[in-house]
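Rule-based calculations on the coordinates, nothing more; no lab input. None of the values given here were measured: they were computed from a predicted structure. We place every Cβ from the backbone using ideal geometry, glycine too, and count neighbours over all the protein chains shown.
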Amino acid sequence: MVTGTALMTTTMYAFKEVNDKLLEKGIKVPFACGGGAVNQDFVSQYELGVYGEEAADAPKIADAIVSGIKDIAALREEFHKH
């Protein structure tokens, strides 16, 4: 799992760079994203993106992965609110 947080709108667009670089290198791992500048809809536009509404969601997402939920769609089902 890779994580990213954006507290300002000027930094949130780095998520695209991280997502694209991971895919370019053939690394398909969940990219847990959050922060005050982003929302679920923004994060969901990235193939690897899994949104965490609050910082405490990051270890919950990691725990889900360790427990066997490795599919990004399944993680989104578990953690996305709508």
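Observations on the structure shown:
- Those residues of the range 1-32 whose amide nitrogen sits under 19 Å from the label point placed on Val66, 7 Å along Cα→Cβ: 1-4, 29-32
- Tail beyond 18 Å, pair distance distribution of the chain (Cα, percent): 34 percent
- Residue-averaged [θ]222 nm for the chain, counting only DSSP H segments that reach four residues, each worth -39500 (n - 2.57): -11500 deg cm²/dmol
- Mean separation of Cα contacts under 8 Å (6+ apart) over length of the range 2-79, as relative contact order %: 29 percent
- Bridging of Lys25 to lysines at a Cα separation below 28 Å is possible for Lys16, Lys60, Lys70, once same-chain residues fewer than 8 apart are set aside.
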